[in-house]
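The values are calculated or read from the model by the stated rules, or taken from the named source; none is laboratory data. Computed from a prediction, not measured in an experiment: that's the story for all the values here. We place every Cβ from the backbone using ideal geometry, glycine too, and count neighbours over all the protein chains shown. Side chains are part of the model used for accessible areas, which takes the heavy atoms of the whole protein and leaves out ligands, DNA and RNA. Shrake-Rupley method; radii C 1.70, N 1.55, O 1.52, S 1.80 Å.
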Amino acid sequence: MKKILLLLAALVVMASCTSTLPKQFTALADKVEKNGDSFSEAQWENANDQYEKLVEQFNENADKFNAEQKKEINAAIGRYQAAALKAGLKEAAGAVEELVEGAKGFLEGLGGDKDE
């Protein structure tokens with residue numbers, strides 16, 4: 001009897017994990033879409049760690065999700081990746097602007113003072 005109860009408890013815990021996973025993916029995607037542009041490096045590391053754990057859970061239990069749950073998870077994955085890419089591109093654009101400004105200063109330094 002104890003074994004049956006333990007097995008049932010394990011099944012309930014496993015079922016509750018799979019039912020909340022789509023919501024966790026969606027919540028993370030929402031958070032990154034809304035605030036990702038202003039995330040610090042540490043916040044991005046935290047979000048990426050959380051994302052990787054969710055993907056791992058999804059991959060381990062993919063056969064336990066119905067089509068609607070998989071659709072929700074895949075949509076959230078796409079939204080997360082798009083928001084991360086967008087934030088990365090903005091950061092890269094800022095770095096390019098800094099490089100251009102540095103190059104301008106370098107070229108001005110090479111040109112020297114033409115009044116001499």
* Asked: How much FRET efficiency would the formula 1/(1 + (r/R0)^6) give for N59 and A82, where r is the Cβ-Cβ distance and R0 is 22 Å, rounded to 0.05?
  -> 0.60
* Asked: Quick one: length gained pulling N48 to K70 fully straight, 0.36 nm per residue minus the C-alpha distance?
  -> 5.9 nm
* Asked: Distance in nm between label sites at D30 and L89, each 7 Å beyond Cα in the beta-carbon direction?
  -> 2.5 nm
* **Rounded percent of accessible protein surface that carbon and sulfur make up, the stretch 34-89, 1.4 Å probe** => 48 percent
